[in-house]
Amino acid sequence: MCLAVPYRLTQISGPGRALAEGPDGVRDVSTLLLEAPAAGAYVLVAYGSAIREITSDEAAELLEILRAIQEPAPSPQ
C-alpha cells in the first residue's frame, strides 16, 4: 500500500517537473501524470510523482489527518 501526501506546486521547473512544498519541505516532483499543472495547485504526491490534483480544503484535511496519526498515543493509566 502506498501513501500519497498533499503538496502545493510552487514552481513549474520544466517539462514534466515542478517544485512542490509539503510536510517534509520542498522537493522536485514529476508532473507527467497531470493534465495541466500550474503553480499554486495542490496535488497528491506518491513516490516522487504528482498523481492527482486536489482542492486546498482536501489538502488541509489530509494534512490534519497525517498530523493526528503521527502523534504518539496517550499512555494507559
Q | At R0 = 30 Å, FRET efficiency that the Cβ-Cβ distance of ARG17 and ILE65 yields, to 0.05 | A | 0.60
Q. Relative contact order, percent, of the chain when contacts are C-alpha pairs under 8 Å separated by at least 6 residues?
A. 27
Q) Which stretch or stretches of the range 34-57 have amide N atoms under 15 Å from the point lying 7 Å from ARG27's Cα along the Cα→Cβ direction? A) 43-52
Q | Rounded tilt (10° steps) of 56-70 against the dominant C-alpha axis of the chain | A | 40
Q: Only one of the values [x] 14.0, 55; [y] 15.9, 55; [z] 13.6, 41 was calculated from this structure for Rg and Dmax of the Cα atoms in Å; name its label.
A: [x]
Q.
If each DSSP helix of 4+ residues adds -39,500 (n - 2.57) and the sum is divided by the residues in the chain, what number results at 222 nm, nearest 500 deg cm²/dmol?
A. -6500 deg cm²/dmol
Q.
For a quick check, take a GNM of the chain with Cα springs below 10 Å and name the residue from SER56, SER13, SER30 with the largest mean-square fluctuation.
A. SER13
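Taken together, the values in this text are just the output of simple stated rules run on the coordinates, not laboratory data. Worth saying up front: this structure is predicted, and the values here are computed from it rather than measured. Backbone-built Cβ (ideal geometry, glycine too); neighbour counts: all protein chains shown.
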